[in-house]
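Quick note: the coordinates plus some simple rules give every number you see, no bench work behind them. Keep in mind that this is a model prediction, so the values were computed, not measured. Glycine also receives a Cβ, built like all others from the backbone with ideal geometry; neighbour counts cover every protein chain displayed.
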Ligand code: HEC
């Protein structure tokens with residue numbers, strides 16, 4: 001019986017402790033609390049040094065297919081965007097325009113694995 005009360009006290013202490021820390025992080029500066037998620041990194045590269053945005057828009061074909069279309073087809077086929085971007089797999093979205101996309105491999109082939117994966121996560125996030 002005594003043991004049970006002790007356990008209960010421990011539990012209460014634990015729960016109130018947890019509440020305190022979550023409250024603390026809620027009050028803290030969001031800029032410090034924020035960590036870079038793969039999706040954010042992908043977006044950063046897509047709109048930054050990858051310069052992908054100049055040919056790909058979210059839901060409209062411009063020079064290249066829209067991100068929604070790419071995401072849909074890659075999800076359907078279970079294909080790897082990372083493989084495509086490192087020239088390990090063939091185009092499956094619009095092979096007739098492949099030569100235009102190919103010029104970007106000079107950039108993507110030199111990206112670290114982590115950034116390629118982030119790009120893939122970012123693009124796939126458009127398939128809902
Ligand atoms: C100069 C314009 C241009 C730029 C810049 C560009 N793309 Fe593309 N992209 C295309 C075209 C055109 C296609 C359609 C041809 C194809 O499917 O291979 C395409 C297709 C793709 C596909 C589908 C490949 C498939 O299987 O058919 C992916 C994924 C892709 N681009 C990712 C990217 C990423 C990531 C970047 C930035 C690093 C990028 N693109 C930059 C023009 C571009």
- Message: Along each principal axis of its Cα atoms, how long is segment 36-124 end to end? Whole angstroms, biggest number first, please.
- Response: 35, 26, 25
- Message: Give me 73, 45 sorted ascending by neighbouring Cβ count inside 10 Å, so fewest comes first.
- Response: 73, 45
- Message: Counting other beta carbons within 10 Å of each residue's own, what order do 66, 89 fall into, fewest first?
- Response: 89, 66
- Message: Using alpha carbons only, how many angstrom separate the centre of segment 110-128 from the centre of segment 69-105?
- Response: 12
- Note on the structure: A correct fewest-to-most ranking of 122, 98, 53, 74 by other Cβ atoms within 10 Å would be 98, 53, 74, 122
